[in-house]
Structure formats: structure tokens, C-alpha cells
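What follows is a single structure, written as C-alpha cells, with notes after it.
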Amino acid sequence: MADKNSGLAFDKASARSYDKDGHLFVEKTNLSKANVCPYAGKEIPDWQNLGLDANKVYYLYRDPEELEKGASTFRGKQLLMKHIPVSADEPQKEVTVGSIGSDVEFVHPYLKSSLSIWDGEAIALVESDKMKELSSGYRYRADMTPGTTPDGERFDGVMRDIQGNHVALVEQGRAGSDVVVAD
């Protein structure tokens with residue numbers, strides 16, 4: 001990258017690399033983030049037993065301690081082109097485009113890991129910036145005790161006992177525009 005005003009050239013380091021088969025590898029990227037996000041009542045596990053309104057928006061806190069405790073459950077999980085639960089009985093092979101590495105760690109406020117993308121169409125969407133954000137799919141227990149984050153943001157409940165299921169490539173993720181395939 002050249003700065004046209006100074007005549008100096010600067011190399012932009014990238015977390016991305018490609019192998020001879022065209023697969024994309026990312027050294028380390030943000031998979032999720034400890035923050036407050038909006039969820040419709042019907043999206044919250046056990047919403048009916050919790051007495052939540054299906055159509056009301058609730059703000060849930062992805063607590064950093066809970067995200068850190070659940071980090072290892074994301075190891076090796078599938079990278080999908082669509083948010084859809086996966087299991088050994090229903091692996092969703094037709095939308096699987098890669099995987100999360102085994103080096104998942106929590107570095108406040110992010111859940112970070114390497115990842116691999118094997119599918120050419122998915123790689124093209126990431127490279128074109130059309131679908132480069134990441135959204136983690138996980139199980140959790142909703143603790144509907146309201147509170148305030150250390151930064152002063154109010155929430156209606158906390159996500160507890162987070163367990164990873166998959167990570168999806170999306171146009172716009174709920175966790176924020178800083179949860180993307182790193183470049």
C-alpha cells in the first residue's frame with residue numbers, strides 16, 4: 001500500500017493465506033464478542049416458561065466470563081453459509097463451507113480462533129465483502145435477571161452456560177461489524 005503523499009510504501013499484513021487448492025485459512029479472527037444484543041422473545045431458549053413475549057425485543061448480555069467458560073466448546077465446529085443447528089445426525093453438509101480451528105480462546109472482549117474456508121463460492125463472498133461477518137450459533141441458558149454492564153449498558157438478561165454449535169458467514173452479524181473474517 002503506497003502513501004501517495006509521502007512516496008513511502010507500506011505492506012499491509014494479512015491474517016489470511018491460501019493453499020495450493022485455493023482454500024482460505026485465517027490465522028486468528030473474532031468469532032463472537034461479549035456484548036449486549038437484541039433478541040425477539042421467541043428466539044430465547046425456553047421463552048415460554050420464562051414468561052417472555054414472543055414478539056418483544058429483549059437485550060441479552062453475552063457475559064465475558066460465560067463466553068470464556070464456553071470457549072472450548074467451539075473447537076473444530078462447522079463454518080456454515082446459513083444459520084442452522086448442526087449435529088452428527090444432521091450435519092448440514094450442503095451448507096458447510098469450512099471449520100473453526102482448535103485454538104479457540106477468549107481475549108476480552110472477543111472469542112478468537114483460526115478458521116478454514118474450503119468452498120470457492122464462500123471464499124468469493126468473503127473476498128468481495130458481501131458476506132464476511134461471523135455469527136456464532138450456540139446453546140445457552142437465559143438468566144432473565146436485568147442489570148448493567150461494566151460500561152453502563154443496560155440488559156434484560158444474561159446468557160449462561162454457552163456451548164458452541166456452529167459459526168455462520170453472514171452479511172450482518174448481531175455481535176457487530178468487528179466480528180468478521182480477519183484480513
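The values are calculated or read from the model by the stated rules, or taken from the named source; none is laboratory data. Not measured: the values here are computed from a predicted model. Every residue, glycine as well, gets a Cβ built from its backbone with ideal geometry; the counts of neighbours run over all protein chains shown. What goes into the accessible areas is simple: the full protein's heavy atoms, side chains included, and nothing from ligands, DNA or RNA. Shrake-Rupley method; radii C 1.70, N 1.55, O 1.52, S 1.80 Å.
Of all GluC sites (Glu not before Pro) in the stretch 116-172, which ones are in loop regions per DSSP and have a Cβ with at most 12 other Cβ atoms within 10 Å? Don't skip to the end; give the middle numbers.
Numbers: sites: 121, 127, 133, 153, 171; in loops: 153, 171.
Taking the stretch 116-172 and a limit of 12 other Cβ atoms within 10 Å, the loop GluC sites (Glu not before Pro) found are 153, 171.
Specify the inter-centroid distance of the stretch 38-83 and the stretch 131-177, based on alpha-carbon positions, in whole Å.
5 Å
Apply the Karplus curve 6.51 cos²θ - 1.76 cosθ + 1.60, θ = phi - 60°, to the phi angles in the stretch 23-31 and return the couplings in whole Hz, x for Gly and Pro.
Rounded to whole hertz, the list is 6, 9, 10, 10, 4, 7, 9, 7, 8.
What number in nm² do you get for the stretch 124-183 if you take the convex hull of its Cα atoms and divide its surface by four?
Directional mean of the projected Cα hull area for the stretch 124-183 stands at 5.1 nm².
How high is the relative contact order of the chain, in percent, counting Cα pairs under 8 Å that sit 6 or more residues apart? Don't jump to the answer; show the numbers that get you there.
Numbers: 419 pairs, mean separation 53.2, N = 183.
This gives 29 percent for the chain.
Hey, could you pull the Cα Rg and Dmax for the chain, both in Å?
Every Cα atom of the chain included, Rg and Dmax give 18.0, 65 Å.
Amide H to amide H under 5 Å from residue 98: which residues, 5+ apart in sequence or cross-chain, H placed 1.01 Å off N in plane?
79, 118
Taking N as the number of residues in the stretch 14-63, what is its alpha-carbon radius of gyration divided by 2.2 N^0.38 Å?
1.89
Using helices alone, what [θ] at 222 nm do you get for the chain, with -39,500 (n - 2.57) per DSSP H run of 4 or more residues, divided over all residues and rounded to the nearest 500? List each step's numbers first, then the result.
On the way: 2 runs with 15 residues, N = 183.
Per the formula, -2000 deg cm²/dmol.
Under Stokes-Einstein, with the Kirkwood radius over Cα pairs standing in for Rh, what whole-number D in µm²/s applies to the stretch 24-129 at 10 °C and 1.306 mPa s?
Reported coefficient: 102 µm²/s.
Report the net charge of residues surrounding residue 78, where surrounding means a beta-carbon distance below 13 angstrom and charges are Lys +1, Arg +1, Asp -1, Glu -1. If you can, show how the numbers build up before the last one.
Details: positive: 75, 77, 82, 93; negative: 90, 94, 119.
Overall, the nearby charge balance is +1.
Hey, rough spin-label estimate for residue 88 and residue 124, points 7 angstrom out along Cα→Cβ, what's it come to in nanometres?
My value for the distance between the label points is 3.6 nm.
By accessible area of protein heavy atoms, probe 1.4 Å, what ranking do 154, 16, 174, 62 get, highest first?
Result, largest first: 154, 174, 16, 62.
If you take every residue apart from residue 164 with its C-beta less than 10 Å away from the C-beta of residue 164, what net charge results, scoring Lys and Arg +1 and Asp and Glu -1? Spell out each step's value before the answer.
Details: positive: 75, 77, 139; negative: none.
Here the count lands on +3.
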